[in-house]
1. Quick one: accessible surface of S43, probe radius 1.4 Å, all protein chains present, in square angstrom to the nearest 10.
2. Assign unit charges at the C-beta atoms only (+1 for Lys and Arg, -1 for Asp and Glu), then state the dipole size of region 1-106 relative to its Cα centre in Debye, rounded to the nearest 20.
3. Let me spell out the model: positive unit charges on the Cβ of Lys and Arg, negative unit charges on the Cβ of Asp and Glu, origin at the Cα centre of region 40-168. What dipole size does that give, in debye rounded to 20?
4. Report the Stokes-Einstein translational diffusion coefficient (µm² s⁻¹, integer) for region 54-106, Rh taken as the Kirkwood radius over Cα pairs, at 37 °C with viscosity 0.692 mPa s.
5. Counting only protein heavy atoms, what percent of the accessible surface of region 50-98 is carbon or sulfur at a 1.4 Å probe?
6. Give the ranking of T162, T94 by solvent-accessible surface, highest area first, calculated with a 1.4 Å probe.
7. For q = 0.24 Å⁻¹, what log10 I(q)/I(0) does region 18-60 give under the Debye formula with an equal point scatterer on each alpha carbon and no solvent?
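The values are calculated or read from the model by the stated rules, or taken from the named source; none is laboratory data. Nothing here was measured: the structure is a model prediction, and the numbers come from that model. Counting neighbours? That spans all protein chains shown, and the Cβs are built from the backbone with ideal geometry, glycine included. Calculation scope for accessible area: heavy atoms of the full protein, side chains included, ligands and nucleic acids excluded. Shrake-Rupley method; radii C 1.70, N 1.55, O 1.52, S 1.80 Å.
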Amino acid sequence: MNEHEHGEGEAAAAALRPGHAARAESAAARAAALSRYVERGGSGEHADAVWRSAHAARVAAQALAVLSESAPDTAADSRRARNAAASAAQASQTAQLVDDAAETAVAACQAALKASPAAGAKHVGTDERLNAEADAAERAVVVAAERAGWIRPGETVPAVSTGVRSPEMMTMLHL
């Protein structure tokens, strides 16, 4: 790869980063809100769901933090956005448990599961159609989560600590 091709690659990665970052940020915020929802709504029988939702929120926050701290890299940025979405999907599953599988909870969880693999790794985050599908899937899951009462528009998203981020943990999480 010559310097010209390298420069074009960096420019393309920088141009695609805002979309990947916006999806990661939305998913991390959703995971944090869901964690709070599960913590507030879960009873003693939901202790495992509370722990799992908190863990999902932490992993989503880690994916977002690593994305924001690193240089633009389309494949890595896409992967981090998918990791945040997958973590938010896990948090959705815990919220569904707390809601005893109410119809709106099931729909919101299904939307989250659909959004998590969007913008597939095959195209390393560069396929415009897949990126548009991922954006649409993220918007749909936010709407579904609002309908389920899991998140409220305009409500402040709780801060989530990323915890200890050792290199080993980041590698294990593919961050």
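1. 60 Å²
2. Here region 1-106 has a charge dipole of around 280 debye.
3. Dipole size: approximately 120 debye.
4. Diffusion coefficient, whole number: 275 µm²/s.
5. Carbon-and-sulfur percentage of accessible area, whole number: 55.
6. Ranked list, largest accessible area first: T162, T94.
7. The computed values of log10 I(q)/I(0) come out as -0.72.
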